[in-house]
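Notes follow once the structure below has been shown.
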């Protein structure tokens, strides 16, 4: 199974979902790999950074960070802005090549986590959606359950469809505050007919989510 984990925006739970899926796969004895090639807002001294969380989920030491997040930028901004602050630009073609090589690996489960939301800019011409369209992985859209997520999620999925991208599923990662998870899913479902909407409760394990995504990938 090859998935690209994207989102409706930043801070809604992409890394939490990715780590939960990796833990579930490894707990089942599957070979699993997760990468987040582009990362902004990175501090090497922060053990809770997305890169360090993904390393920990895979049982890898911090020294292997380049195998998970090779392009890291310090400013907590969109990747194009964060790279520009360092006098650089995101090497989008290299990012795509790295992603394609990762997806060709021998693992049973490979997860590629994007940066920010599905339409955050990578450079002056390309967004994360262009990255998704260029690689052989089914996109999964992570959303929160916070107040306002309904509009964000519907708009993201419809914009992806307009760009010729068909998400495999939407995962609602439970937010700290907001309506109950079930109510959010029930309200969202009629607006995204035919698209699986799957829950990941805060603190919940990823086994059920992994099962549901594998079933969706098989039936798609």
Can you tell me which of (1) at pLDDT below 95; (2) in contact with a strand residue (DSSP E or B) (Cβ under 9 Å, 6 or more places away or on another chain) is the one residue 179 doesn't meet? (2)
Collect the residues in the stretch 88-113 that are farther than 21 Å from residue 129 by Cβ and touching a residue at least 24 places away in the same chain (Cβ under 8 Å), keeping them in residue-number order. 105, 106, 107, 108, 109
Filter the stretch 1-26 for residues that are in a helix (DSSP H, G or I), surrounded by fewer than 22 Cβ atoms within 10 Å (Cβ to Cβ), over 12 Å from the mean Cα position of the chain (by Cα) and touching a residue at least 40 places away in the same chain (Cβ under 8 Å) and give the result. 23, 24
Have a look at 196, 201, 121 and point out the one that is touching a strand residue (DSSP E or B) at 6+ places or on another chain (Cβ under 8 Å) and surrounded by fewer than 17 Cβ atoms within 10 Å (Cβ to Cβ). 121
Report yes if some residue within the stretch 77-87 is out of contact with any helix residue (DSSP H, G or I) (no Cβ under 8 Å at 6 or more places or on another chain), touching a residue at least 12 places away in the same chain (Cβ under 8 Å) and under 28 Å from residue 207 (Cα atoms); otherwise report no. no
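Give the residue, chosen from 178, 117, that is within 16 Å of the chain's Cα centre (by Cα), part of a loop (DSSP other than H, G, I, E, B) and within 27 Å of residue 23 (Cβ to Cβ). Steps first, please.
Details: 178 fails: within 16 Å of the chain's Cα centre (by Cα).
Testing whether each residue is within 16 Å of the chain's Cα centre (by Cα), part of a loop (DSSP other than H, G, I, E, B) and within 27 Å of residue 23 (Cβ to Cβ) leaves just 117.
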So for the stretch 45-65 (the condition being closer than 18 Å to residue 135 by Cα and either at pLDDT 95 or above or buried (at least 23 other Cβ atoms within 10 Å of the Cβ) (or both)), does at least one residue qualify? no
For residues in the stretch 204-220 being under 18 Å from residue 12 (Cα atoms) and modelled with pLDDT under 90, which is surrounded by the most Cβ atoms within 10 Å (Cβ to Cβ)? 206
Qualifying residues in the stretch 66-75 (those that are over 17 Å from the mean Cα position of the chain (by Cα) and under 15 Å from residue 43 (Cβ atoms)) - the one surrounded by the most Cβ atoms within 10 Å (Cβ to Cβ): 73
Looking only at the stretch 157-175, count every residue that is surrounded by 14 or more Cβ atoms within 10 Å (Cβ to Cβ), part of a loop (DSSP other than H, G, I, E, B) and out of contact with any helix residue (DSSP H, G or I) (no Cβ under 7 Å at 6 or more places or on another chain) and tell me the total. 1
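How many of the residues making up the stretch 27-57 are closer than 25 Å to residue 90 by Cα and outside any helix (DSSP H, G or I)?
So the count comes out to 17.
When only residues in the stretch 181-195 that are touching a residue at least 12 places away in the same chain (Cβ under 8 Å) and assigned to a helix (DSSP H, G or I) count, which is farthest from residue 126 (Cα to Cα)?
Going through the qualifying residues, I end up with 182.
The values are calculated or read from the model by the stated rules, or taken from the named source; none is laboratory data. Since this is a predicted model, take the numbers as computed values, not measurements. A quick note on method: Cβ atoms are made from the backbone with ideal geometry, for glycine too, and the neighbour counts reach across all protein chains shown.
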